[in-house]
Amino acid sequence: MNILGIETSCDETSGAVLCDGQVCSNVVSSQRCHTHFGGVVPELASREHERLIVSIVDAAVTESNITKNELDVIAATAGPGLIGAVMVGLCFAQGMAYALKIPFVPVNHIEAHIFSPFIDEGRSQPPPEGAFVSLTVSGGHTLLSMVSQDLSYKVIGRTLDDAAGEAFDKTGKMLGLPYPAGPVIDRLAERGDPAFHQFPRALTSQSQTSKSYHGNFDFSFSGLKTSVRTWLQKQTPEFIEIHKADIAASIQDAIVSVLVEKTISAARSHHVKSVSIAGGVSANSALRKIMQEACDKAGIRLHVPGVVYSTDNAAMIATLAGLKLSRGGRAEHRYNIAPYASFAAGARYA
Ligand code: KG4
Ligand code: ZN
């Protein structure tokens, strides 16, 4: 089965072709127009998707060495995301499926992230040993979920305020770094000292009594943001410049240590043998390293997506559509699926 996937929920325009479960192409174009705004400008994002969607989809089909007429299904992100941005890919995908007279499958972007670690392992199947805990960390979401073999999942923890990616991006902006600051902090931190300054770690064993902490898998990053801002205000510009790498490493350590502690604690309390990380922040090298060490210590298997499948991409959209179809899901000749902005709306929709 040949599936074309399309992703336009935020600032990546992407098309991918999955042929019998294998990724044959995955073309991703990241928008550069937001760099100096310190965040994604929704109107600009929609316009950029509109400008690029035809050439990206054409490139994905050409690279896969099949023709459009050999496509069996088209899948696209229906949400959550920036509504105008989602609409560009969703309308394009449904129009193309209608013209080719093939079925269309709407995909929830966050669910696609959850299953992205299994693309790279060649089999596009969740781990055989049963349920696993997924940490999904992106620019807009931070979720801990219990995921079952039948592809259903239950959210057991989420951020109460900012997402982990937002924490990277907003604190990075305070340091004068361009958007998205996550990858820049990652690179800077390689030559910094994570123990240079201890920023707060909210809702963890360090910040709460063991009684109120136990079994709480929610996150909070807004206190970190405030703490970084007030701390930076007390430093001179020269000091900040000299210690930029140390500050980046300290911020990164505050975010990563919370993500690791909560994930391992969730895996232990739910007695699972596997955990996975996914979403843009799962590209972070310290998160990958520290999570691997913690999993090794706890005797837990860690599933990590290839870096290209961590950040937004259409291969994960086509992969989840393929997984659902292989488990008896239906692909319909229905081309009136509406976009949704919030995760909750998407979950209800599914
Ligand atoms: O999943 P994603 O590509 O888009 C959303 O669905 O939001 O995630 C984007 C987020 C941004 O906040 C970006 O700064 C962060 O992922 N990110 C990283 C790294 N690469 C991307 N954060 C930390 N370290 C990285 N290497
Ligand atoms: Zn994403």
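The values are calculated or read from the model by the stated rules, or taken from the named source; none is laboratory data. Remember, predicted model here, so these are calculated numbers, not experimental data. As a convention, Cβ positions derive from the backbone with ideal geometry for all residues, glycine included, and neighbour counts pool all protein chains shown. Note: areas computed on protein heavy atoms with side chains; ligands, DNA, RNA excluded. Shrake-Rupley method; radii C 1.70, N 1.55, O 1.52, S 1.80 Å.
Residues that are modelled with pLDDT under 95, within 16 Å of ligand 1 (Cβ to nearest atom) and assigned to a loop (DSSP other than H, G, I, E, B) do not occur anywhere in the stretch 75-93. Quick check: is even one residue across the stretch 101-112 within 14 Å of ligand 1 (Cβ to nearest atom), open to solvent by 10 Å² or more (accessible area, probe 1.4 Å) and within 28 Å of VAL228 (Cα to Cα)? Among the residues of the stretch 101-112, not one is within 14 Å of ligand 1 (Cβ to nearest atom), open to solvent by 10 Å² or more (accessible area, probe 1.4 Å) and within 28 Å of VAL228 (Cα to Cα), which makes the answer no.
Residues of the stretch 165-210 that are of a type in the set (Ser, Thr, Tyr) and under 27 Å from VAL308 (Cα atoms): THR171, TYR179. State which residue is farthest from ligand 1 (Cβ to nearest atom) when the search covers only the stretch 259-283 and only residues that are open to solvent by 10 Å² or more (accessible area, probe 1.4 Å) and part of a loop (DSSP other than H, G, I, E, B). Once the filter is applied, the top-ranked residue is HIS271.
Being within 23 Å of the chain's Cα centre (by Cα), closer than 20 Å to VAL281 by Cβ and outside any helix (DSSP H, G or I) narrows it down to one residue among GLY192, GLY223, GLY140, GLY172; which is it?
Details: GLY192 fails: within 23 Å of the chain's Cα centre (by Cα); GLY223 fails: outside any helix (DSSP H, G or I); GLY172 fails: outside any helix (DSSP H, G or I).
That would be GLY140, the only listed residue that is within 23 Å of the chain's Cα centre (by Cα), closer than 20 Å to VAL281 by Cβ and outside any helix (DSSP H, G or I).
Within the stretch 149-184, the set of residues being farther than 19 Å from ASN108 by Cα and of a type in the set (Phe, Trp, Tyr) comprises PHE168, TYR179.
Scanning the stretch 1-55 for residues that are of a type in the set (Ser, Thr, Tyr) and not in a strand (DSSP E or B), we see that the one that is nearest to ligand 2 (Cβ to nearest atom) is SER9. Can you work out which of the residues in the stretch 305-325 that are of a type in the set (A, V, I, L, M, F, W, C) and surrounded by 24 or more Cβ atoms within 10 Å (Cβ to Cβ) is nearest to ligand 1 (Cβ to nearest atom)? So, considering only residues that are of a type in the set (A, V, I, L, M, F, W, C) and surrounded by 24 or more Cβ atoms within 10 Å (Cβ to Cβ), the one nearest to ligand 1 (Cβ to nearest atom) is MET316.
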